[in-house]
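A.B. asks: This is the structure, below, for whatever I ask next.
The values are calculated or read from the model by the stated rules, or taken from the named source; none is laboratory data. The model shown is predicted, which means the values in this text are computed figures rather than measured ones. Counting neighbours? That spans all protein chains shown, and the Cβs are built from the backbone with ideal geometry, glycine included. Heads up: the accessible areas ignore ligands, DNA and RNA and are worked out on the full protein's heavy atoms, side chains in. Shrake-Rupley method; radii C 1.70, N 1.55, O 1.52, S 1.80 Å.
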Amino acid sequence: MRPFKILPNFLGPGSYRSQSQRRFKRKRILLVVLLSALLSLAPRPNAAQDLDTVTIAGHVTDQNDAVIPGASVTATLGKTKAGRTVVADGDGRYKIIQLEPGTYSVKASFAGFAAEEKSDLTTIAGQNVQFDFTLKPATVTAEPVIVSAAEAPQVDTTRTVVGGTVATREIESLPVNSRSPLDLIFTLGGVAEEPLSTRDLANDRTPSRSTPEEAGIFSLSGGTAYSNNITIDGLDNNDDRAARERFTPSIEAIDEVQIIRNQFAAEYGRASGGRVNLRTRGGSNKFRGRGYYFFRDESLNANTWKNNSLGLRRLPLQEQDPGFTLSGPIVIPKIFNGRDRTFFFTAYEYDKLLDSTLINTLVPVQQNPLFPLPAPNTLSGQRLENATSPALSATVAPFITGVSTPQRNHIFTTRVDHTFTDLHNGSLVFQLGRLNNLRQFGGGNRLAQALEGKTRNNDAISYSDNYVFSAKAVAQTRFQFSQLTPAVIAIGGTTTPVVLVGINDPLKLVSGTLVAGTSTSGATDRREKRFQFQEIFSYVHGQHSLKFGGDIQKIKSTFVDLSDATGTWDFDSAGDFLLNTPSRFRQNFLTTSTQHNTYTGLFVQDEWRLKQNLTLSYGVRWENENILRDVNNFGPRLAFAYDPFKSGKTVIRGGAGIFYNRVLLRTIDDF
């Protein structure tokens, strides 16, 4: 893997600079310094930083501002009633780590004092919430003091990473024409389209107007678009051959879209850019459902200039997108009651887009008995082609017709959450996607029999397990199996050869090459399987939050290049085609290649609350992808968050580190 060095910066990741082999010694020195500091720092009474979960911390005091050691603090998740309790230390500090994002009520209590509760606290992933409690003696008030509609601070002054989150309310309120949750990232700062993007161009669906698959799908903070890491619930969601996502869930199944524009935390790797995490929705104690139906029609669109010039009406276009969600506790009468313990959430969406395209080309008036072509629609525009010697000329005439090019996409996601005990819970997620897309067929000089379509089938199952050993120690285990089978298929089959006929129009109204037969230009087949295992252990000791763990992924990717697999005949003119005089024949053999790659990532990091207004994060990550056979990929990380005015309204963030991109298997196949 090729390393990148990120220079020190403020409020975002810095610029990238390639590292040469001669600087490896300096990297090892920096690594030793960081590890020494990590192991030798004395424990002091902190705020944890977890990018996928929530931390709630603060002080418990009485009316005289005296600390209350031993006070009990409980955080309860509203939708499932799952609670976590910790005890304040000798300085009255408490901290609850590795909480699921959601709406909480937080209650503090101690013998001889009236309890105080803060309710309706809405949290998002990666948030550190600071809540202080002031308990009153029970003789003053015998009832708990309830503080409703609690609000977290607007600025998180302890967070060293830079990013943003699109929360549930924004997901449900913002209109997204594509219905893709990944497009919501463009509502946040520091996000730009990929290079050579065709995202907002007219949909003429010609190959020359498509973005290369290795270009990526977005850029974070000016970084390269292929260097980002996309995850679902913290697990890998990357297509390891292309720089894009593996699976796009329904937007109705997503609770949060989180962006980290730098990755100074050593916990995350496989990218020198940023990280995008999609957090799926879970069920609750109440049964809830939602049905929806999106619709559009060509009557709402303007006709194209080309259609008007040919005297044609608008081509048919109709999109129907029905779907539903259903969630609640799993209850089987007289057998199992999952209230307060077991919940489910299911989302299904079927997007059917009935589109069409226009074939507008010239075909020979006469027929070749060895390879028949469609007859011209009209002979009023027939003319003798203007072929260049030694090619022969023949009479050609217009062939204009519409072709149906539908797209159908099934998206299914289901999640089951189960609470084994108050200290142990797990979640199981299943994803399914079935895409069949003929819309990329651009018509033009391609005949209907040469139509090509895209398919993209996804299946994945994952399990996440959280176990709380104590108020200070939490372990998180994740496992995933996924398979991806994208393909560009030749609709005409795999037995008929491709025929390419040069168009020599004397009127210059039509140009290019007539494509007939089973077109396999760009046709591919691919099968990718992935096993992934993650283990992360978090431990709070005094003012330090330690995390260490690993990520192992085993990937098998088989690629089949079907271009020219059925043979391709080239003719310089229609006259040559009628006389069976080809200028070239080509055929592709032995087109299958299989790549095996095992990724291993190990990390250790610490967050140290040096002062009330200064947090320091440091650690190191080691990564290896055995397909490249290099083992010197050490990435030290260092970051800080500083509140200069101690007001909780201003924060200065900075950091530096060495990062490594994941291997794009398409690049390996090129050698």
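A.B. asks: Of 495, 421, which has the most accessible area and how do the rest follow, probe 1.4 Å?
C.D. replies: Ranked from most to least accessible, the order is 495, 421.
A.B. asks: Let me ask you something else. Over the chain, what is the percentage of antiparallel beta bridges among all DSSP beta bridges, to the nearest 5?
C.D. replies: 90
A.B. asks: Shifting gears a bit: About the Cα centre of the chain, what is the dipole size in debye to 20, counting +1 per Lys and Arg Cβ and -1 per Asp and Glu Cβ, all else neutral?
C.D. replies: 1020
A.B. asks: Another question, then. How big is the shadow of the Cα convex hull of the chain, averaged over all directions, in nm²?
C.D. replies: With the hull built on Cα positions only, its mean projection is 36.0 nm².
A.B. asks: Using the Cα centre as the reference, give the magnitude of the dipole from point charges on the C-beta atoms of segment 241-367 (Lys, Arg: +1; Asp, Glu: -1; all else neutral), rounded to the nearest 20 debye.
C.D. replies: For this selection, approximately 360 debye.
A.B. asks: Rank these residues by their accessible area, most exposed first, probe 1.4 Å: 544, 59, 596, 410.
C.D. replies: Ranked from most to least accessible, the order is 596, 410, 59, 544.
A.B. asks: Might you report the magnitude of the Cβ-based charge dipole of segment 419-504 about its Cα centre, with Lys and Arg at +1 and Asp and Glu at -1, to the nearest 20 debye?
C.D. replies: 280
A.B. asks: Please give every one of the aspartates and glutamates within straight-line cross-link reach of residue 286, meaning a C-alpha to C-alpha distance under 19 Å, and leave out same-chain neighbours fewer than 8 residues apart.
C.D. replies: Straight-line reach from residue 286, under 19 Å: 100, 120, 252, 255, 340, 417.
A.B. asks: If you don't mind, there's one more thing I want to ask. Just name one of 532, 506, 582: the one whose Cα is farthest towards the positive end of the charge dipole of segment 502-598 (beta-carbon charges, Lys/Arg +1, Asp/Glu -1).
C.D. replies: Value: 532.
A.B. asks: Looking at this model, which pairs from 95/547; 81/472; 352/529 are more than 24 angstrom apart at the alpha-carbon?
C.D. replies: 352/529
A.B. asks: Helix-derived [θ] at 222 nm for the chain: sum -39500 (n - 2.57) over DSSP H runs of at least 4, divide by residue count, nearest 500?
C.D. replies: -1500 deg cm²/dmol, from helical runs alone.
A.B. asks: So for 482, 299, what's the accessible-area order with a 1.4 Å probe, most first?
C.D. replies: Putting 482, 299 in descending order of accessible area: 299, 482.
A.B. asks: Would you list which lysines come within 22 Å of residue 306, measuring only between C-alpha atoms, while excluding same-chain residues fewer than 8 positions from it?
C.D. replies: Reachable lysines: 508.
A.B. asks: Check cross-link reach from residue 611 to the aspartates and glutamates: straight Cα distance under 13 Å, and skip same-chain residues fewer than eight apart.
C.D. replies: The qualifying aspartates and glutamates are 643.
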